[in-house]
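Accompanying notes for the structure given below.
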Amino acid sequence: MREGGVEPPHPFEYTDLNRARLPIPPLALAAKLYHSRHPLYDLSMGVLDRFEKGVENAVHTAFAKTFKSGVKPVELASALKKECDARAAVVDRHRTVAPNEYSVALSDADHASVVEWGDEALAKELEDALHDHARRQHYSLVGALSVTFIQDETLPTGRYAVTSRSTRGPAAPATTDHPDSRYPLIDVDGQRYHLTGQFTIVGRGTEADVVVDDTGISRKHVQFEVTDFGTILTDLGSTNGTFVEDQRVKEVTLVDGNAITIGRTTMMYWDAMDVDGDDSSA
């Protein structure tokens, strides 16, 4: 009070500010209730930041502890794509070459699990995932994509190692829909292959370089031979014959845009195109 015993005027008609309690805003009240019920919310952000930074480095170890059964296909697919990106090499301004052969080392337990799942089926799924990744990244390949699993007794369950290399083969899956290529190109029911080797065999058997699922095709049906004077197509003694532009042939030098029919399958052929700045050594 002032001297003389006169109490000064008070805002909001409160006579004792010590007892006054202003209304609590709804958001502040909600936050207060949340903190009271979730004490861990107040952990320092520094701890969370350090945790997030350490996740990538610890992922394999954490994965092993979390999943008792070991590695999962999705983890292998991710690791293969990372290896593809890490090993991709710029050859010239038009082309970046990525590895086409991959090996995945697994522990004894994980290797046994992969075999039980079906290692060939899983390898095919991973190869398809790599091919899609190479297309998206505009990588070139110099041979057929392959993924193999090897057993490494030194690895603990849940850990794996991926290695890769580029190996030129007779045919490489194309990673672009454009027909212009430094190699002759064939399209087999929508699947395109570069003829990267001198000889490429197409047939139904697994011994063929390009395998076609068509019962009307022989195990080794036709051979493409790439020469300095053009690409020569040779029928390898097939049962149902080989047709170029609807004419049955035994051997013929192909021209750009030829349609080739074997069994119930039609293949399209395109000549190689000269590309400025090519480095043919790759």
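Within region 138-183, all pairs of alpha-carbon atoms sorted by distance into 10 Å bins from zero give the percentages 19, 39, 21, 16, 5. Surface composition of region 127-282: carbon and sulfur atoms hold 46% of the protein heavy-atom accessible area at a 1.4 Å probe.
Between A109 and E245, the FRET efficiency from the beta-carbon distance, with R0 = 51 Å, is close to 0.35.
Compute the FRET efficiency between R168 and R136 as 1/(1 + (r/R0)^6), taking r as their Cβ-Cβ distance and R0 = 35 Å, and round to the nearest 0.05. The computed FRET efficiency comes out at 0.90. Once you have a ≥ b ≥ c as the square roots of the Cα gyration tensor eigenvalues for region 93-195, tell me rounded if a/c is under 1.5, and otherwise prolate or oblate according to whether a/b is larger than b/c. It is prolate, given that a/c is not under 1.5 and a/b is the larger ratio. When all protein chains stay in place and ligands, DNA and RNA are ignored, the 1.4 Å accessible-area order of H194, H221, largest first, is H194, H221.
Identify, among A161, T231, G203, the residue whose Cα sits farthest towards the positive end of the charge dipole of region 146-276, taking +1 on the Cβ of Lys and Arg and -1 on the Cβ of Asp and Glu, with the dipole about the Cα centre. Result: A161, furthest along the dipole toward the positive end.
The values are calculated or read from the model by the stated rules, or taken from the named source; none is laboratory data. Keep in mind that this is a model prediction, so the values were computed, not measured. Virtual Cβ from ideal backbone geometry, glycine too; neighbours counted across all protein chains shown. Accessible surface is based on the protein model in full, side chains and every heavy atom, while ligands, DNA and RNA are left aside. Shrake-Rupley method; radii C 1.70, N 1.55, O 1.52, S 1.80 Å.
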